[in-house]
Every structure is written in C-alpha cells, then in structure tokens.
Amino acid sequence: MTGSSANSQAGSSPAGSSSVGSPSAGAWEELVTAALLGTERRTPAGCPPGRQAPVALLGAAAVETVRRRAGLRPARAATRPEPAAADPRPSLPPAAARRLALLLADRAGTPGGSGRRGTAPDLMELLPQWLAAANTHGYAAPPQTLPALLDAARGRTDLRPAALAFAGPRALWLARLNTDWRFALRSTPGGGAALPGVEESDRIRRLWQEGLFAERVSLLAAIRAREPAAARELLETTWSTERAEDRLMFLDSLRMGLHAEDEPFLERALADRSRNVRATAAELLSALPDSALAARMAVRAGACVALDHTNSTDVTNSGGDGTKGGPALVVEAPHECDAGMERDGVVAKAPAGRGERSWWLGQLVEATPLGSWSARLGGRTPEEIVALPVADDWQGELHAAWCRAAVRQRDADWSRALLGGPSTPEAGGPGAVSLAERAKLLATLDSAERAEWVAGFIATHGLSEAFQLLGVCAVPWAPPLGRAVVDALNIARDAGSYPWSFSGVMGLAERCLDPSEAGRLDGLLAIPDEGEDASPGAGSYWAEAFQRLVGTLRLRAAMAEELAPGRSAGNA
Amino acid sequence: MTQQGVRWTADQVLALAPDVSSRKAGSKLGAAGPWSEAGSTDEGTVWGLCKGSGSKPYQTVVDIADATGPAYKCSCPSRKFPCKHALGLLLLWAGGDGAVPRGEAPGWAEEWLAGRRKRAEEKRAAGAAGSPTGSGDPEAARRRAERRAERITAGATELEQRLADLLRGGLATAEQAGYGLWEETAARMVDAQTPGLAARVRELGAIPASGPGWPVRLLEECALLHLLDRGWLRRDELPEGLAATVRSRIGLPGSADGPPVRDHWLVLAQYETADARLTTRRIWLHGAESGRTALLLSYGAAGRAPELALPVGLAFEAEVSVYPGAGQLRAALGERFTAPAPTDVRPPGTTTTRAAERYGEALQGDPWLDSVPVTLDRVIPVPDGRSWQLADTDTDLALPLAPSAVAHPGLWRLVALSGGAPVTVFGECGHRGFTPLTAWPEGTAGQAVPLC
C-alpha cells in the first residue's frame, strides 16, 4: 500500500512508493533522522530539547505511525498477466480429487532408506498410475493442485510427461511466472503454445528456422508423429547446414514411424561427415529389411555363416539335444573391415578386449534382415536355425547378434526362437542370451505372450532373476503372470527367507498386480507359525509385506473406481 | 444429518495434524491395508482397528460431532494428538470407498463415547447450577490483582526508561547492540508479569537485521511500545473499551464475557504460528446470519498441537462469546450444536479500497493492530517485480501482498486457482500488506482452497 495522507521513506511501506509533498511526510522523515542519530545530537522540531526530548520524540512518532497506517491506500495495479487458456476438459469427480490431494500430500515422503516399510501403501509410487488413469479419462487437474503437481514433476523426470499432460495449459501459464517450473516449458513443444497445424506451413517453417533447439526437436517429433514424410522433408530443407550434434538428434527422430520412403535420405546420410550420424543412419537402414543397405549387409553376413553337412561329426553340440551327424553352422568371421563396410556403418575399431573379427561379424549379422537367413539356411524356420549347433564356439557371438537384430527389427518369430522355452534350465542361468537381452526380446512379443513366457519362467526359476523380465510386462499383469508371482512369493516365504530379499518384486507387484487379485492373497495375511529353519521373525515381516500388497491393491481398485466417469459419490 | 453430509475432505482431515511428520504418517495410514473392523455412525463417530508393529492392533476412535471439537482416542503409545492412527482413520473415512461402512460402534468405542458424553453432561449441569467464578476469597483475588498491576507498572516504567535511553543515544546504536540487549529487556518484562510487553520487546530485537528500511520499522515499533506503556500507566483515564484493549495487549488474561452469539459459523481459515515454547492456532470464523467475524485462539505447548481444530470451508452452528476490548474480534467457542458440514455460504467480499479503509478505522479502537480480517471480492493476483499484488478486477487499484505471504507456498495455490481470472480471497489486511489465507474460485461452484 502507499500512503497518501502519510508517508514514507523508501522501503518503509510495502509498496514503497511515496507521495512526496504530503504535509506530514517531512515531519516523519525528520523524526526518523533524529531517532537514528539520537536526541543528544539532533532534536526534531516541536520537541523540547534536553531530558524530555526522547519521550517527546516517541510520542510524536507514535502519532505519526498510527496516522501513517490509518492513511494507507491501495497502490496502483501492476500489469495484469494474460489469463490462462481455458481448459475444456471435465473436472475430476470429487472422490478422485480427494485422492489426488492425498497422493500429493505424501509427495515429500522419502521411501526407502529407513529399512522396513510397514503395512501402509507407498502413495508416491501410485501417483504415476493415478496420473496415467486420469489422463486416459481426459480429466482436467484441479487448479489449486498444480503447484504440487509441478513440484512433483520437477523432482521426478519419469513423472513429467503424465504430470504435465494432466496439469494442462494452466500449468504452463504458471510455469512462466515461476522459474522453478521452467522445465515445464522446455518439456512442452513450443513452450506451451500449441504446435502449428499441418496447414500452417509458414509458421512451421519459421519455427523450424528460428526456434530454439528444443523447440525444433519437439516440432520435428510432433510432425513426424502426424505425417512422417513431412517431417523428413522439413529436415532435408536445412540438413546440410545443421551442426553435427543437431543432425544426430534430428536423425534420431526418424526412428519413430520409420518407413521405406526414408531410405534415400538415410542412404545420403551414410556419407555424412560425422561418424555418429553415419552409424545412426546405418542402424536405421538396417531396420528397413528391404533397404539396399540391409541387402548389402545380408550378402556380407551370408558369406560368413554357412551350413556344413560334411564335417558334422566333429561338431561339439552345445545344446546337447542335437543328433550326432546332423548339419551344423560354421562361421568364418570377416578378415578385414573394408571401406564399403565402414560406409555402411560398421565400426572398424573394436572395443578393448574384443577380437576385431568377431566384432565385425557381430555388426554384420545384427544389421542383416533376419528374413534372409531362412533362404540362406535351407528354408529352416527361426526355431530350427537357432537349434543348429554352431562350430568353434561361435554360438554366443552369433546368437547375441541375432538377438540384437530381432530387437532392432522387432521380429517376434525370431525373438520367440531366441528366447526358447521359459522352463529350459538355460533360461534361468547365464546362457548365450542374457536376461537383459531376454527382456528386450520379450518386448517384441505381444503382451499376452510376454506375460505367459515370464509366468513360465517364474514358475521354473523363481523370482530372483525375474525382476528385469517383469519390468517389460504390461500393467496390470495378466492373470497367469500375477498368479505365478504370488505363488513364487508364497514359496519364498515358506522357504523361510526374509521378504526384503524380494522387495523389488514386491514393489512391482504392488504397482502391477491386477487389483482383482487382492482376494487371492487373503490367505497370506496372517502371521504363519515359525518353521524350525525359518529366519527369526520372517513370518511376521511377510505378513506385513502381504498386508501392504493387499492394501495397495485395494487402494488401486478404489483409485480406478473413483476415476470412472459418472461416479458421483462423495460430497461435492 | 447424513453421513454424506458430514464427510470431510482429505485436506480438512490433514489440517488436524499436529505437525508435518504426523501428517505424512497419517496419510500413509489412510488406506484400507492396516485397518480392520472400521465403521462409522451417522452421528459422526468413526472407529477402527489398526495393525501396528505389535500383535494387538490399536483401537482408534474419533468423535467428530463432539460439542467441543473432534475428540480422539487411540490405544497407541503416541503422545501426538491426534495421533497418526486417528488421522489415517479419518482419511479412510473421508476417502469414502466403502472401507468405513455405517454400523454400530463396538463395545470398546461405545464405552469411551459414553464416558465422554457423561462428563460433558456433568460439566454442563455444573455450569447451569451457576457456580460463581473465582473460587476462594474475592478479597484475596483483588489483592493478587493489585500486586500484579504494581509489578506491571514497574515494568512499564522501566521499559519507558530504556526506550528513552535508546532514543537519546540513537537507533543506530541498536544495530550494534544486537539481540542481547532486547533479550535481557524481554526477560525483565517477563519478570514484571507482562507477557504482552515481553513479546513486543523480543520482536524489536529482530528488526535491525530485517533489511532495508529497518530504522523506520524500529522507530514505529518503539513508538507503539511507548504508546502501550503510557496507555497502561494512564489506563484510568482511558475510555473503557480502549482500557480493555490496553490490558489485553499488556497480556492480562481477560475472559470472554460478551453475550453469546448463536450463528452458523463458516470456518474461514486456520493456521498456526509457533515458537520454541508455544504453538498458537488462529481460526477465523464468519457468522452467516450475524455477518460477524470472530477469531478463536487455541494454544499447544511445544510439540503438541492446539486442541481446537476446525476444517476450513465447513460450517457449524454454535455460540461464541467475544473478549472485552474495543473492536476486539477474539472470541471463545461456547456450545456447539452441529458438527462441521459443507456449505455454500461464502463471506461477502469488498474492494481493496474498502479493505484499506477498514484497517484505518480499526486502528481507532486499537492502534496496535497489525491487520484486520477482510474478504476481497473479485481480485486477481498480479506479479509486481519480485512481489505480488491482489488487484481489483474493475479498477486499477491493488493491495500488495505481505512479504511473508510472497514467500509462502500458498501464494502459488492462489495464483494457480486464479489463472489470471478474478477470485474471492479472505485474508488479513494491514500495514505490512495483505496476507491471503483462503480463496474461492469465481462462480458458485468450487470449494474453499486453504492457502495457509
């Protein structure tokens, strides 16, 4: 406020502006000066000098203080911000809004670190799921929750896309007013302004030519999602003038919606000045089975891997189930990395500790269309090919390269073949195909098949190796998978170990198990009698962990129910 | 009243928490997991068994409809009040997902409830029987009051001397003297049994370090302290209302002996201020029929939450009685007739100009007043450099926010709620600026949003 009848030296009133010339402004300033210096040095006008001066000064200051405060008036308004864009989405049902407030209230909680987690659900872990569900229904966030949502998204980058989508246009409006939330503007194309429509070619062109790097990346990605060819054409307009790092990022955006039409452009990029750009172009081309590069790689790889019928009796059969005397694969790795190979993206220099020839072989096989192997190896199916014995210890190298190819080309048949049966002994141990690779291979299968494979794996091998594989399964888990996990947890409990050895899987189960499975867990909530060889106290810890699991599942069911449209329970 | 009618929101439940850690712990317990045999009645009793670390679950029961505020009972060993179990139980109930069905209270809960009701009944009967206040000898009480007044007079006289010394040597020396000078003086005022003067003196100590403009603020506060001293020393010459204000500012206990006002009271705001010794909870009420604003104060010793808790945005029917003093808004809560329930009532709002005028007018009755409660109608939060304002929608006038309000996270809830559009804001308006406490979105829909 500024004083109009009474004021004010700068900084003395909140607004700090003064109306100089008001009758008592001078008197007040004189009092302040006298008070600072002391009445021994300065006596203000109207006060008697000497012993009574301080009291007289205080009396005069009291009158002025009350007068100044009583005379306060509103200040002139500063420039108002543009109002936030309207959010047309429907508002949350009341129960869901209450739930959100609870989930956000728990945000500051620091899970983990303190050992036992007790029986209460970890609300922060449920926030991503809640946000995803709310976004599926298309609700608008209650405005007053936006600061907490933005703070949560600021602390956890994994939460950002869903949190910002839910927070909507008003969050971006807010973010412009608070530097703590600037990330929201960076994470959103065009700093929150809507992306230009396809028809607005001028705006697109201007943003592409003048925008910040992040804006350009977002723009390219957005157009690519809408109209893949248009994105590539836009990129081509400035390609030759972009910096190498930028070229790499832009090229990477073509990964989405990759199509045979992109081949000519990618072929040209194979001649790029930057080695990283060349390698990325080659990788993208090799994911196009009909590309010329893929064909060239197929020829090169084909020359290295052959079916050998003659010498089969000498082959040591690592699978152990082949018949002696059957055909086997022989591998003749390349002896050099020629200029053509380098041009097609093969990296000539092997990393430390790897043989050059096997390094080159791996890259060739990885970039070869998997479909070409069947013709090359006597019309065999992927299963039959993978089952072939491989001479001279090349099996690991060859199978690993096929795995990478299956992932890159998203080939479910080959993935299935390379994964093998989930219950084979080799699946659980360090075979030719690592767990990390299995997880990637699984991701190429459809979700039902994926869940079934992992369920089979858990049934045979237990939970200790399953964490990575569970991570790629669709949420909520399909019934067979959920049952397999619960059974395995039950077995682990009966075996007498402590539940925290399984805390990772337990945490996943809390987030991923289908809430309708909660009833199946009822039998596990009680504290079991302690077996002789059980770890002390393990039973009650398990009961606690299962209680938390059931509690979390019930909570998730409630969350989903609250978000269902048309639900009007609870008070308004 | 139906259960739907009294069900609270999670925010309202969490506002009962004595501190941040029990807020957190309570919200973790607000899920079905650890609870069993939970239930509630339409009258506002909620109970449940909560699985703890021991073999026997804790028995938790809350009576929200109690005439003296929510009452809690839990068999856990926590000394916090309410404990996390009580909070968790209320959250579970507030969540409304069927985990707390209606039912009949089990024996252990019923026993406690019956005991409480019986005690309350006895108390009311005793009050009605008209036991004269001031047990003991009225003559002795008068002598005690006289002795205390003498000590206060001695304290006020000493403080006057110290203020005069300060002004004689100059405020500039106060900057060098530092905090110790004021701590010692404050201790003398505690000895003189005048907590009001002691608190004001202690605040003086913080001013020299409070940034640019401190000499002005220090002079203002010294002058008002001087005014209070003089008011006490010459209290016999003051009009009764002002004399009562001086007595309450000095720190003499008054009693809420104003006539009880029965009304539907909307809870406008609830917030705490705390120092090492004491937590003070301030609750602002608005009477829907009388149009009055009343302030309830509730205190908690260190580490304990003040007992009285009322969820913002709900309304209840009750009697309140005001304390003596000119323009005093402080009141005491008397009998409560209903439990807090959601309401559409909002306080009538006013303009920024009128808000500033109200503060000026209130200073006539109480020159030591820092702020008055005001509801601003149709204002827009506007950034102003590093500070913020609340600007009228229809004029070019604005009230600046108090510096403490700019630093408070509630500011961003207010800005988010507004989105650049008008909102209704209740808060405290004074010489430091406006402190927003609660806001409502425009239009009739939309709940109160607590900002403090």
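The values are calculated or read from the model by the stated rules, or taken from the named source; none is laboratory data. Small disclaimer: the values here were computed from a predicted structure and weren't measured. In this analysis, Cβ positions are derived from the backbone assuming ideal geometry, glycine residues included, and neighbour counts consider all displayed protein chains. Just the protein is used for accessible areas: all its heavy atoms, side chains included, with ligands, DNA and RNA removed. Shrake-Rupley method; radii C 1.70, N 1.55, O 1.52, S 1.80 Å.
With a requirement of 2 or more residues that are more than 11 Å from every other protein chain (Cβ to nearest Cβ) and more than 16 Å from A:Pro121 (Cα to Cα), the helices (runs of 4 or more DSSP H) lying completely within segment B:2-113 that satisfy it span B:84-95. Restricting B:Arg247, B:Arg200, B:Arg230 to residues that are in contact with a Lys or Arg (Cβ under 9 Å, 6 or more places away or on another chain), within 14 Å of chain A (Cβ to nearest Cβ), under 25 Å from B:Trp182 (Cα atoms) and open to solvent by 40 Å² or more (accessible area, probe 1.4 Å) narrows the list to B:Arg200. Note on segment A:212-278: enclosed helices (runs of 4 or more DSSP H) holding 2 or more residues that are open to solvent by less than 60 Å² (accessible area, probe 1.4 Å) and over 28 Å from A:Gly340 (Cβ atoms) are A:213-226, A:228-238. Selection over segment B:419-436 of residues that are of a type outside the set (Val, Ile, Thr), away from every other protein chain (no Cβ under 11 Å) and open to solvent by less than 10 Å² (accessible area, probe 1.4 Å) gives a count of 2. Applying the selection to segment B:333-344, what residues are surrounded by fewer than 20 Cβ atoms within 10 Å (Cβ to Cβ) and either within 18 Å of the chain's Cα centre (by Cα) or closer than 28 Å to B:Asp257 by Cβ (or both)? Within segment B:333-344, B:Gly334, B:Glu335, B:Arg336, B:Phe337, B:Thr338 meet the criteria. Reported count of residues in segment A:68-103, each being more than 30 Å from A:Arg556 (Cα to Cα) and facing another protein chain (nearest Cβ under 7 Å), is 15. Checked against the criteria, A:Arg404 does not count as in a loop (DSSP other than H, G, I, E, B) and charged (D, E, K, R). Of all residues in segment A:357-390, those that are over 38 Å from the mean Cα position of the chain (by Cα) and either on the phi < 0 side of the Ramachandran plot or open to solvent by less than 10 Å² (accessible area, probe 1.4 Å) (or both) total 7. Filtering A:Leu553, A:Leu513, A:Leu481 for residues that are within 12 Å of chain B (Cβ to nearest Cβ) and either surrounded by 16 or more Cβ atoms within 10 Å (Cβ to Cβ) or within 15 Å of A:Leu463 (Cα to Cα) (or both) leaves a single hit, A:Leu553. Determine whether B:Pro212 is without any contact (Cβ under 8 Å) to a residue 24 or more places away in the chain and either of a type in the set (Val, Ile, Thr) or open to solvent by 10 Å² or more (accessible area, probe 1.4 Å) (or both). Taking the combined requirement at face value, the residue satisfies it.
Among the residues of segment B:442-452, the one identified as of a type in the set (Val, Ile, Thr) and more than 9 Å from chain A (Cβ to nearest Cβ) is B:Thr444. All of A:Thr65, A:Thr79 fail the test of being open to solvent by less than 10 Å² (accessible area, probe 1.4 Å) and of a type in the set (Val, Ile, Thr), apart from A:Thr65. Inclusion of A:Ala436 among residues that are modelled with pLDDT under 90, closer than 24 Å to A:Arg410 by Cβ, under 23 Å from the mean Cα position of the chain (by Cα) and in a helix (DSSP H, G or I) is warranted. One residue is enough: does segment B:347-364 have a residue meeting the conditions within 29 Å of B:Leu228 (Cα to Cα), more than 9 Å from chain A (Cβ to nearest Cβ), part of a loop (DSSP other than H, G, I, E, B) and touching a Ser or Thr at 6+ places or on another chain (Cβ under 9 Å)? Taking every residue of segment B:347-364 in turn, none turns out to be within 29 Å of B:Leu228 (Cα to Cα), more than 9 Å from chain A (Cβ to nearest Cβ), part of a loop (DSSP other than H, G, I, E, B) and touching a Ser or Thr at 6+ places or on another chain (Cβ under 9 Å). Screening B:Trp265 on (1) in contact with a strand residue (DSSP E or B) (Cβ under 8 Å, 6 or more places away or on another chain); (2) open to solvent by 30 Å² or more (accessible area, probe 1.4 Å); (3) modelled with pLDDT of 95 or more shows it passes everything except condition (2). If you go through segment A:68-87 and keep only what is assigned to a loop (DSSP other than H, G, I, E, B) and modelled with pLDDT of 90 or more, you end up with A:Gly71, A:Pro74, A:Ala77, A:Ala78, A:Thr79, A:Arg80, A:Pro81, A:Glu82, A:Pro83, A:Ala84.
Screening the candidates B:Ala398, B:Ala407, B:Ala416, B:Ala439 for the property of being more than 10 Å from chain A (Cβ to nearest Cβ) and either surrounded by 20 or more Cβ atoms within 10 Å (Cβ to Cβ) or over 17 Å from the mean Cα position of the chain (by Cα) (or both) yields one hit, B:Ala407. Which of the residues spanning segment B:380-411 are out of contact with any Lys or Arg (no Cβ under 8 Å at 6 or more places or on another chain), among the hydrophobic types (A, V, I, L, M, F, W, C) and closer than 17 Å to B:Ala355 by Cβ? Listed by number, the residues that qualify are B:Trp388, B:Leu390, B:Leu399, B:Leu401, B:Ala405.
The residues of segment A:472-489 that are in a loop (DSSP other than H, G, I, E, B) and free of Cβ contacts under 8 Å to residues at least 40 places away in the same chain, listed by number, are A:Val472, A:Cys473, A:Ala474, A:Pro476, A:Trp477, A:Ala478. Taking the criterion of being part of a strand (DSSP E or B) and open to solvent by 30 Å² or more (accessible area, probe 1.4 Å), the residues of segment B:268-279 that qualify are B:Tyr271, B:Glu272, B:Thr273, B:Ala274, B:Leu278.
Of all the listed residues (A:Glu236, A:Glu267, A:Glu263), the sole one being under 18 Å from A:Trp208 (Cβ atoms) and not aliphatic (A, V, I, L, M) is A:Glu236.
Please work out if B:Glu220 is out of contact with any strand residue (DSSP E or B) (no Cβ under 6 Å at 6 or more places or on another chain) and away from every other protein chain (no Cβ under 11 Å). For B:Glu220, the condition - out of contact with any strand residue (DSSP E or B) (no Cβ under 6 Å at 6 or more places or on another chain) and away from every other protein chain (no Cβ under 11 Å) - is not met.
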